[in-house]
1. May I have the extent of the alpha carbons of the range 80-313 along their three principal axes, as whole Å values ordered from largest to smallest?
2. Roughly speaking, what is the stretch gain from K222 to S289, that is 0.36 nm per residue apart minus the C-alpha to C-alpha distance, in nm to one decimal?
3. Using modelled backbone amide H atoms (1.01 Å from N, in-plane), which distant-in-sequence or interchain residues come within less than 5 Å of N355's amide H?
4. Among K322/K348; K326/K382; K163/K367, which pairs are too far apart, with a Cα-Cα distance over 30 Å?
5. Which of the peptides 142-152, 311-321 is most tightly packed, and how do the rest follow, going by the mean number of other Cβ atoms within 10 Å of each residue?
6. Please give the net charge around S352, taking every other residue with its beta carbon less than 14 angstrom from that of S352, where Lys and Arg add +1 and Asp and Glu add -1.
7. Write down the percent of antiparallel bridges among all DSSP beta bridges whose residues are both part of the chain, to the nearest 5.
8. Expected output is a single nm value to one decimal: the length gained when fully extending between L74 and D336, i.e. 0.36 nm times separation in residues minus the C-alpha distance. What is it?
Amino acid sequence: MAALSSPQSFLLQHPLHPSPKTPSFPPHKQPLRLKPSTVSCTAVRPPPVSLSVANDRIFNFAAGPATLPESVILKAQGELYNYRGSGMSIMEMSHRGKEFDAVIKKAESDLRRLLAIPDDDYAVLFLQGGATTQFAAVPLNLCAPGDAVDYVVTGSWGDKAFKEAQKFCKANLSWSGKSDKYTKIPSFEGLEQNPNAKYLHICANETIHGVEFKNYPTPSNKDAVLVADMSSNFCSKPVDVSKFGVIYAGAQKNVGPSGVTIAIVRKDLIGNAQPITPVMLDYKIHADSASLYNTPPCFAIYICGLVFEDLLEQGGLLEVEKNNTKKAGILYDAIDGSGGFYVCPVEKSVRSLMNVPFTLQKSDLEKKFIEEAAKEGMVQLKGHRSVGGVRASIYNAMPLAGVEKLVAFMKDFQARHP
Ligand SMILES: Cc1ncc(COP(=O)(O)O)c(C=O)c1O
């Protein structure tokens, strides 16, 4: 008899010499009784994996891929081996079969409910290539090579989007926060907008620098549209989708694993891609085929669907926003109340609810802070390599208890380093 080590693996068993440790066969799965001279292997399903919540989950403050709701992980675990009686996992089934068809349709309709996305006016696309691919897809789909477009750059991601757009059209810098180390959002009156720009691009939440738009500028050209990279605050609060021509977001911060990027695109903008646009970047191709032009990232879409269900069960995005405001408030209060021991450089009115960057006044203590926090079960607190310091990403799925534990640790650490 051979037994594979993983609990998920089959026990390969000689039918005539069953081990007393193996589970008994239900009547309909009795192994064949063969003549003694014949050796056969029969697959025996292992007992179901226990779905109890072990106390070994840590608080993961990573910026993305990031923590997911525990209930979603457990549900996915329960469905992983045999998806809803189909006899296979969601990772193994055809993206054109009835099970996955139901998964992607429900994910889309739940997302539409969450964000109140009008059916008639906007397409919801499940794409690949990350938000980075959208840096190129947006200009390729929305303008001709000679067209002007405007970018407001409030951090590194907006800057990357701006630089990519320069390859495909005439991208102007309407405003940059670089000289202030990306700690501000501009007043909208001060934006230098091109009167002929086809769109105005913003990054709604800068993941590295922790600056977040609290309201949105309007393009000065009445025919232009607002485009937003919402990767790191997608579904963290209600958003009036009708203010935007395109919203795009990599899933791996707030709504799922990496591998799927969601684009919400106003339908009248679809169908004008530049001729050089690769099919995989053409919104029309994906809209016409309901995100199934080629093999989509099925498992990632499935997990997003579970997250959307979970957000709806929580009461929708207003409730989610309330929780996020509370969590961020506790953390920023701890920083501001530390008498300068901890410092958040971002202007108060535009501090992100999702990514909280801060430094220690005694910068030589930062490494120790991060290491000790990790020993206490709070990980991934290192600031982005481009800016250093500490960053706590507290997306939707970070429990209040995680933020409270971090704040208690911060106070204790400060007390120990007077
Ligand atoms: C705001 C923002 N935009 C774009 C990206 C790039 O996303 P991806 O890695 O999915 O291409 C990130 C990644 O962290 C991000 O935070």
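Throughout, read-outs are computed from the coordinates displayed, never taken from laboratory work. Source: prediction; values computed, not measured. So basically every Cβ, Gly included, is an ideal-geometry build from the backbone, and we count neighbours across all protein chains shown.
1. 58, 37, 27
2. 21.0 nm
3. Correct list: I394.
4. K163/K367, as the Cα separations exceed 30 Å there.
5. Numbers: 142-152: 20.4, 311-321: 15.8.
In descending order of packing, they fall as 142-152, 311-321.
6. Working: positive: K184, K214, K237, K253, K327, K348, R351, R391; negative: E206, E212, D229, E321, E347.
So the environment of S352 carries a net charge of +3.
7. Working: 26 of 44 bridges.
If we restrict to bridges inside the chain, about 60 percent are antiparallel.
8. On the way: separation 262, 0.36 × 262 = 94.32 nm, distance 3.67 nm.
Once the chain is fully extended between L74 and D336, it gains 90.6 nm.
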